[in-house]
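Just below is one structure, and these are the notes that go with it.
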Amino acid sequence: MMTGGLSRARSATPEIQEIADKVRSLLEEKTNEKYEKFKVVKYKSQVFQRRNYFIKMDVGAGCFPHIKVFRRISGENVLELSGYPTPPKKIKTQE
């Protein structure tokens, strides 16, 4: 992947699911929702001074919100939830 370029959509991996799991409580707090499930469906990534992850989630009840998480490239294993639906959108189709 070229620096700054967005990868193609990829199927979930254990590493991406782990990233999503680490920000789940932050998302539930910010959206005032408790999700019955929290499963990565697909994701894209981008490297530009940090690694951005654009993650499509299955949170149950036919809802598939997209979240954005970033990780610093400096070697720190710090994740930040930097984008999420507000207010939470009930997306009923799986695209």
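Quick look at the values:
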item: Relative packing of 51-61, 35-45, 21-31, which averages over residues the other C-beta atoms within 10 Å, highest first; result: 51-61, 35-45, 21-31
item: Percent of Cα-Cα distances greater than 14 Å, calculated over segment 1-77; result: 62
item: Pairwise label distance in nanometres, Lys39 with Ser82, each label 7 Å out on the Cα-Cβ vector; result: 2.9
item: Segment 10-83, relative contact order [Cα under 8 Å, separation at least 6], %; result: 25
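Any read-out appearing in this document is the output of simple, stated calculations on the displayed coordinates, not a laboratory observation. Not measured: the values here are computed from a predicted model. Cβ atoms come from the backbone with ideal geometry, glycine included; neighbour counts cover every protein chain shown.
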